[in-house]
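The values are calculated or read from the model by the stated rules, or taken from the named source; none is laboratory data. As the structure is a computational prediction, the values presented were derived from the model and not from experiment. Glycine also receives a Cβ, built like all others from the backbone with ideal geometry; neighbour counts cover every protein chain displayed.
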Amino acid sequence: MNVAQEAKVGSILIVEDESVSLMLLQRLFEDVHLLAAAGTASEAIKLLETKDFDVGVFDLRVPFESDDVPSTEQALAVLRVARNRQPNMSIFTISSVLVDDDLRSSLQELGVIKNFEKPFAFPKLQDEVDRHLPR
């Protein structure tokens with residue numbers, strides 16, 4: 001770990017399959033926090049099994065592998081792994097899909113702190129995430 005990494009506070013996992021959204025999220029947090037990113041459910045699960053994170057920001061539609069169709073079911077599967085393997089992780093979701101009562105209930109059961117519907121204000125997400133990171 002270099003000096004710049006040592007000065008960073010808190011670790012964040014970003015799970016987002018859209019490259020532009022992923023790039024924007026990385027830019028939002030990269031100067032201050034340690035980041036890991038996954039574009040698929042399988043990549044996210046591997047990271048969750050090998051590293052600890054303070055916060056997770058998860059898209060609610062991700063593919064299992066890069067050539068699969070993104071689905072909410074895959075995103076929920078990743079959220080279950082996150083909650084089971086890292087019970088103290090603060091979890092936020094971002095979505096471009098309608099969050100119906102069933103999905104909202106699932107997110108609450110998994111301890112999701114807040115869902116941000118696309119398009120959302122990046123500073124609001126940043127403020128929420130920062131409040132849940134170690135100081």
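Observations
- Residue within the stretch 83-102 that is surrounded by 11 or more Cβ atoms within 10 Å (Cβ to Cβ), modelled with pLDDT of 95 or more, touching a strand residue (DSSP E or B) at 6+ places or on another chain (Cβ under 9 Å) and on the phi > 0 side of the Ramachandran plot present: no
Conditions tested, residue by residue: (1) under 23 Å from Asn88 (Cβ atoms); (2) out of contact with any helix residue (DSSP H, G or I) (no Cβ under 7 Å at 6 or more places or on another chain); (3) surrounded by 18 or more Cβ atoms within 10 Å (Cβ to Cβ).
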| site | (1), (2), (3) |
| --- | --- |
| Leu25 | yes, yes, yes |
| Ala41 | yes, no, yes |
| Ala44 | yes, no, yes |
| Glu49 | yes, no, no |
| Asp54 | yes, yes, yes |
| Leu60 | yes, no, yes |
| Glu65 | no, no, no |
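- Residue list for the stretch 110-128, filter: closer than 26 Å to Glu65 by Cβ and either more than 14 Å from the chain's Cα centre (by Cα) or assigned to a loop (DSSP other than H, G, I, E, B) (or both): Leu110, Lys118
- Subset of the stretch 7-23 [buried (at least 17 other Cβ atoms within 10 Å of the Cβ) and among the polar types (S, T, N, Q)]: Ser11
- Flag if Ser66 is under 16 Å from Glu16 (Cβ atoms), among the polar types (S, T, N, Q) and touching a Ser or Thr at 6+ places or on another chain (Cβ under 7 Å): yes
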